[in-house]
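**Student:** Sharing a structure, written as structure tokens. Questions coming.
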Amino acid sequence: MPTRRTMLCTAAMVIAATNFANARPDTRKMTCAQTQALIQSQHAAVLSTGPSTYDRYVRQFGNECDPPYVPMVDHVPASDGQCMVYRCEEPAPMVPD
């Protein structure tokens, strides 16, 4: 049987995790310009894009991606429509002719 202390610790961890998720900026509540400005000002930002989805978005030009990853175009929902942003992805391999 779990002790009272164990139950309190578990509850505290669940609350902390929930609060952390709520602390992430949500692209759906920002305009595209606000989303892009946030990414530019922080160089990289973890943003919520849905009720249970999030990702890390980066500036187009910078060193926020670890090699071999590079900034690639992605689109996220914004309050004023779809918004073009960049996310670190591994580039597709070059196919010889």
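**Student:** I'd like the full set of residues that are among the small types (Gly, Ala, Ser) and free of Cβ contacts under 8 Å to residues at least 12 places away in the same chain, limited to the stretch 34-53. Spell out how you get there, then give the answer.
**Tutor:** Taking the stretch 34-53 as the starting set, the residues that turn out to be among the small types (Gly, Ala, Ser) are 37, 41, 44-45, 48, 50, 52.
Correct list: ALA37, SER41, SER52.
**Student:** Another question, if that's okay. Give me a count of the residues in the stretch 51-97 that are touching a Gly at 6+ places or on another chain (Cβ under 9 Å) and over 15 Å from GLN36 (Cβ atoms).
**Tutor:** Count: 0.
**Student:** Of all residues in the stretch 46-91, count the ones that are of a type outside the set (S, T, N, Q) and under 14 Å from LYS29 (Cβ atoms).
**Tutor:** Keep residues of the stretch 46-91 that are of a type outside the set (S, T, N, Q), which gives 46-47, 50-51, 54-59, 61-62, 64-78, 80-81, 83-91.
With the extra rule that they be under 14 Å from LYS29 (Cβ atoms), the set shrinks to 47, 50-51, 54, 76-78, 80-81, 83.
Residues flagged as of a type outside the set (S, T, N, Q) and under 14 Å from LYS29 (Cβ atoms) within the stretch 46-91 amount to 10.
**Student:** Is there any pair with a first residue in the stretch 68-90 that is of a type in the set (Phe, Trp, Tyr) and a second that is not in a strand (DSSP E or B) whose Cβ atoms are under 7 Å apart and which are 6 or more apart or on different chains, and what are they?
**Tutor:** Within 7 Å, the pairs are TYR69/GLU90; TYR86/ARG59; TYR86/GLN60.
The numbers here are math on the coordinates, done by the rules we state, and not lab data. On a predicted model such as this, the values are computed, not experimentally measured, just so you know. Using ideal geometry, Cβ is built from the backbone for each residue, glycine included, and neighbour counts are taken over all protein chains shown.
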